[in-house]
1. Please verify whether segment 193-202 includes one or more residues that are surrounded by 13 or more Cβ atoms within 10 Å (Cβ to Cβ) and either among the charged types (D, E, K, R) or in a loop (DSSP other than H, G, I, E, B) (or both).
2. Just for strands (runs of 3 or more DSSP E) wholly inside segment 27-111: which have at least 2 residues that are in contact (Cβ under 8 Å) with a residue 12 or more places away in the chain, within 27 Å of A176 (Cβ to Cβ) and out of contact with any His (no Cβ under 6 Å at 6 or more places or on another chain)?
3. Any residue that is free of Cβ contacts under 8 Å to residues at least 12 places away in the same chain and surrounded by 15 or more Cβ atoms within 10 Å (Cβ to Cβ) - is there at least one of those in segment 171-180?
4. Name the helices (runs of 4 or more DSSP H) wholly inside segment 211-280 in which the number of residues that are in contact with a strand residue (DSSP E or B) (Cβ under 8 Å, 6 or more places away or on another chain) and of a type in the set (A, V, I, L, M, F, W, C) is 2 or more.
5. For E73, indicate whether it is of a type outside the set (V, I, T) and over 22 Å from G159 (Cβ atoms).
6. Assess whether A242 counts as being assigned by TED's automatic domain parsing to the domain that holds A190, at pLDDT 90 or above, more than 20 Å from E187 (Cβ to Cβ) and buried (at least 18 other Cβ atoms within 10 Å of the Cβ).
7. Could you identify the single residue in E156, E187, E134 that is under 30 Å from V255 (Cα atoms), among the charged types (D, E, K, R) and either out of contact with any strand residue (DSSP E or B) (no Cβ under 6 Å at 6 or more places or on another chain) or surrounded by 17 or more Cβ atoms within 10 Å (Cβ to Cβ) (or both)?
8. In segment 39-59, which residues are buried (at least 16 other Cβ atoms within 10 Å of the Cβ) and of a type in the set (G, A, S)?
Amino acid sequence: MPNSLAIIGAGRVGRALGRQLREAGWRIGAVLTRSEASARRAVRFIGAGKAFAGITRQVLLSQVILIATPDDEIVVVARELARIGEEELRGRVILHTSGAMDSGALEPLRAHGATVGSMHPLQSFSGVAVPSLEGRVFAIEGQTQAVRVARRIARELGGSPVRVAGDKKLLYHAAAAMAAGHILAVEEAATQVLLSLGMKRREAVRALLPLTRQVLDNFETLGPRAAWTGPLSRGDFKVVRAHLQALRRSPKEFVDAYDVLNHLAARALADDATGVLSELKRSSLGLISKAKATGGGS
């Protein structure tokens, strides 16, 4: 199996994967970014490799090439690499790390004899520290040899490789966005509501985070329905309506979000979803349209 790796695009994901793969015993070759200065910084962070600016033939000296650029640059990189690599691409394994795109983005490379695939670690990369990938899912797909290499990388980093069909990558990525970005947006909206009461941000976050963590722990250990909490879970539609009335003093997006999330919770969690949705419609009658008309507190 191959053990040499070149990296194209050394942002948060590329740097983190490069460093952990170097620690796992991989030999890091060329590290390519837009500028030599950023490439040198990436090499220092990874602890190995040689810095280059732009696409260079040096990348072809490695058996595996990892493309960790932003999504809209992957096809451009693939075309440029195909142009300079030609026959030297034969036998190379090339993976990109996009969660939304499949290996079809690397078609120019496959046409030149490379084996292509995608490998997306389901993990938030903040750039502040190298996140542990222990137990994290890696969504992998592509040609057989590329999948083998992606599976090996995932396991060597302590992750759990999961095959996701190429035509299902967008759904997979949408689920990830809901579970991470959307939850963060809800948490910030709740924080803003507490700030409007006069709480300081630190107090608001300290009040909400333990509750959020506990609910997520319960979701994991007890299951979604047993973990469900709040007035809607108890069928207390008077409180739901009172919440909507109170939130009318907040930005209208908060009222809309509260109502949409109630409907989502009813569909996903309620035993009698139809009955709960009917009650929700009665509870919110007039309030949502009024909030939109008045613009809430914005």
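The values are calculated or read from the model by the stated rules, or taken from the named source; none is laboratory data. This structure is a prediction, so every number in the text was calculated from the model and none was measured. Positions of Cβ are backbone-derived with ideal geometry, glycine not excepted, and every protein chain shown enters the neighbour counts.
1. The answer is yes; a qualifying residue exists.
2. Ranges flagged: 27-33, 64-67, 93-96.
3. no
4. Correct list: 252-269.
5. Yes, satisfied.
6. So A242 does not fit the description; no.
7. Unique residue meeting the criteria: E187.
8. Result: A39, A42, A48, G49, A51.
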